[in-house]
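The values are calculated or read from the model by the stated rules, or taken from the named source; none is laboratory data. No experiment lies behind these values; they were computed from the predicted model shown. Cβ placement follows ideal geometry from the backbone for every residue including glycine, while neighbour counts extend to all protein chains displayed.
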Amino acid sequence: AKPGMVIVGSDSHTCTAGAFNAFAAGIDRTEAAGLWRQGETWFRVPESIKITLHGKLKEGVYAKDLSLWIIGMIGSSGADYMSIEYHGDGVQTLTVDQRMTLANLASEMGAKNAVFPHDEVLKTWLGETFSGNGVWADKDASYAREIEIDLSELFPLVAAPHHVDNVKAVSEVAGTKLNEALVGTCTNGRLEDLREAAAVLKGKKLPEDFQMVIVPASQKIYLQAMKEGLIEIFLEAGANVLSASCGPCLGTGQGIPADGYNVISTANRNFKGRMGNKESFVYLASPATVAHSALAGEIVDPRGIKANDKFPYTIEKANTVTIDENDNRRIGNVWNYADANDLNTDQMFAGNLTYQVLSSEPEKIMPHLFKGFDVNFSENVQSGDIIVAGSNFGCGSSREHPAVGLSHAGVKAVICKSVNRIFYRSSVNQGLPILLVPEAVDAYKPGDHVEVDFENGVITVGEQQFNFAPLPDKLMGIFNAKGLVNFIKEQAE
């Protein structure tokens with residue numbers, strides 16, 4: 001990544017490259033393949049949030065804490081489909097690695113991307129590869145929202161189960177017994193993160209029957225960590241060091257917690273079942289907090305003090321929705337999830353199945369579709385069905401399996417209050433219409449007849465009608481072709 005680049009990748013955390021003054025956003029696999037074929041893609045121009053940072057983080061407080069502070073302040077959908085810009089003198093105090101953590105977690109705020117300036121810090125980090133052709137906001141730019149943060153006021157934080165915006169001060173959960181710890185992932189598996197953890201673990205031993213997993217973010221980082229003696233420190237402390245991968249973060253391979261386990265992790269998500277077991281509980285924190293807590297066998301303050309911090313923001317936090325197996329949500333041709341917000345991709349299709357079932361095999365996706373919150377869905381969904389859902393539908397990963405499954409099942413449309421950005425794109429790519437009409441969702445009562453007239457842009461709910469704006473021509477072309485693959489084939493003919 002270099003300043004001024006436009007970057008897309010088939011992972012929701014592609015936005016990490018925003019640390020390099022690049023416009024970087026996640027897409028799904030189908031769209032990535034289509035981009036290779038066509039050499040172009042589409043973007044909806046986002047509104048922007050300006051976050052101005054002042055001062056400097058205190059000792060024992062890290063970029064992960066700052067990220068969680070912002071998420072806890074605005075919520076997991078608080079920057080929905082927006083672009084986040086980081087400004088202020090506080091930016092100059094952040095290393096590129098710290099900026100990567102902040103840019104990475106933009107995805108957990110619902111943002112399209114986050115971007116940092118092309119400044120001297122970045123120039124020093126990139127060296128000869130630095131390009132002066134960066135892009136930055138005009139001085140008179142307007143913003144949908146502006147936030148100011150004094151870095152010196154922050155303290156260590158965790159995201160408690162089962163949502164990343166369930167943010168608390170470490171002191172609020174201090175003493176919580178732990179069974180497992182994870183340092184790594186694309187959020188905090190860089191060399192700087194491993195150094196922080198190693199500095200804590202050096203010369204010490206983990207408690208008996210405690211599992212700690214270290215996953216460097218790349219092979220290059222792994223090799224450098226070996227040269228610096230970090231891997232030796234981890235092994236001597238009793239930790240397990242794995243090859244660079246996404247494994248433990250999404251619940252595959254080593255590190256799947258047992259029932260009832262409490263895990264503290266440097267990862268980016270803690271949805272129920274995220275690490276492979278719905279009966280475990282995951283806390284998210286900085287590498288230093290994770291390492292100190294691992295040694296103690298319970299959550300502790302990395303500053304070595306007994307504080308009485310309280311996270312100052314109260315928002316309507318995301319809730320994990322689970323529908324009882326005896327609760328039939330299909331009435332007529334409508335699946336009633338109008339009361340369900342924040343239905344995430346892990347609930348729609350478990351993360352640990354991502355590399356066991358290919359997204360190109362819809363018939364194999366079907367038995368697992370929506371199993372994380374409605375066990376009756378996959379066996380009873382029929383072609384022509386309509387889903388009515390709440391807000392932040394499809395939040396989480398860029399995993400395209402749910403959209404593939406819904407399209408394969410013949411779902412006519414999803415009508416919801418709001419939708420996660422990447423899930424929306426995945427649905428477009430599979431020819432599955434997502435209609436954002438909050439009034440229609442609020443109007444729906446179980447048993448109401450629901451119909452969608454795409455030609456005239458009208459949704460009928462019972463006796464009421466609601467209009468929706470027509471889609472851009474290219475998107476309509478993809479829908480009419482029943483998906484991006486067919487659309488590309490038709491254009492090639």
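Okay, here's what the table says:
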item: Qualifying residue in region 423-442 (condition: out of contact with any Ser or Thr (no Cβ under 8 Å at 6 or more places or on another chain), assigned to a loop (DSSP other than H, G, I, E, B), at pLDDT 85 or above and basic (K, R)); result: no
item: Some residue of region 329-350 being over 30 Å from V215 (Cα atoms), among the polar types (S, T, N, Q) and not in a loop (DSSP other than H, G, I, E, B); result: yes
item: The lone exception for M109 - which of (1) over 30 Å from N308 (Cβ atoms); (2) free of Cβ contacts under 8 Å to residues at least 60 places away in the same chain; (3) not small (G, A, S) it fails; result: (1)
item: Failed item, numbered, when D339 is tested on (1) in contact with a His (Cβ under 8 Å, 6 or more places away or on another chain); (2) surrounded by fewer than 23 Cβ atoms within 10 Å (Cβ to Cβ); (3) of a type outside the set (S, T, Y); result: (1)
item: Residue in region 409-429 that is over 25 Å from Q465 (Cα atoms), surrounded by fewer than 24 Cβ atoms within 10 Å (Cβ to Cβ) and not charged (D, E, K, R) present; result: yes
item: Selection from region 166-195 of residues that are in contact with a Pro (Cβ under 6 Å, 6 or more places away or on another chain) and either surrounded by 23 or more Cβ atoms within 10 Å (Cβ to Cβ) or aromatic (F, W, Y) (or both); result: V170, L182, V183, N188, G189, D193
item: Residue among Q491, Q464 that is modelled with pLDDT of 85 or more and surrounded by fewer than 16 Cβ atoms within 10 Å (Cβ to Cβ); result: Q464
item: Residue identified as within 25 Å of R330 (Cα to Cα) and either in contact with a helix residue (DSSP H, G or I) (Cβ under 8 Å, 6 or more places away or on another chain) or part of a helix (DSSP H, G or I) (or both) among I478, I459, I488; result: I459
item: Lone unmet requirement of (1) under 29 Å from the mean Cα position of the chain (by Cα); (2) among the hydrophobic types (A, V, I, L, M, F, W, C); (3) within 15 Å of A291 (Cβ to Cβ) for L206; result: (1)
item: Evaluation of A22 against (1) crowded, with 19+ Cβ neighbours inside 10 Å; (2) without any contact (Cβ under 8 Å) to a residue 60 or more places away in the chain; (3) among the aliphatic types (A, V, I, L, M) (one fails), failing number; result: (2)
item: Some residue of region 186-203 being among the basic types (K, R), part of a loop (DSSP other than H, G, I, E, B) and closer than 23 Å to S12 by Cβ; result: yes
item: Residue, modelled with the lowest pLDDT, within region 1-50, restricted to residues that are of a type in the set (D, E, K, R) and closer than 30 Å to E146 by Cβ; result: D11
item: Total residues in region 388-443, condition of a type in the set (D, E) and within 19 Å of the chain's Cα centre (by Cα); result: 1
item: In region 342-377, residue farthest from S407 (Cα to Cα) [restricted to those that are crowded, with 17+ Cβ neighbours inside 10 Å and among the hydroxyl-bearing types (S, T, Y)]; result: T354
item: Count - residues of region 131-157 that are surrounded by fewer than 18 Cβ atoms within 10 Å (Cβ to Cβ) and not in a helix (DSSP H, G or I); result: 18
item: Residue match in region 60-70 (condition: acidic (D, E) and modelled with pLDDT under 95); result: no
item: Flag for V321 being of a type outside the set (D, E, K, R), more than 27 Å from N277 (Cβ to Cβ) and crowded, with 18+ Cβ neighbours inside 10 Å; result: no
item: Residue list for region 204-219, filter: surrounded by fewer than 23 Cβ atoms within 10 Å (Cβ to Cβ) and over 11 Å from G238 (Cα atoms); result: A217, S218, Q219
item: Selected residue [at pLDDT below 90 and surrounded by 13 or more Cβ atoms within 10 Å (Cβ to Cβ)] from I299, I315; result: I315
item: Region 166-187: number of residues that are touching a Leu at 6+ places or on another chain (Cβ under 9 Å) and within 15 Å of K64 (Cα to Cα); result: 7
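Conditions tested, residue by residue: (1) small (G, A, S); (2) more than 18 Å from V321 (Cβ to Cβ); (3) in the same structural domain as G483 (by TED's automatic domain parsing); (4) out of contact with any helix residue (DSSP H, G or I) (no Cβ under 7 Å at 6 or more places or on another chain).
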| site | (1), (2), (3), (4) |
| --- | --- |
| T354 | no, yes, yes, no |
| V357 | no, yes, yes, no |
| I365 | no, yes, yes, no |
| D374 | no, no, yes, yes |
| S378 | yes, no, yes, no |
| P402 | no, no, yes, no |
| S407 | yes, yes, yes, yes |
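Residue-by-condition table, conditions (1) farther than 23 Å from R190 by Cβ; (2) assigned to a helix (DSSP H, G or I):
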{"site": "G60", "(1), (2)": "no, no"}
{"site": "I70", "(1), (2)": "no, yes"}
{"site": "Y81", "(1), (2)": "yes, no"}
{"site": "R99", "(1), (2)": "no, yes"}
{"site": "W125", "(1), (2)": "no, yes"}
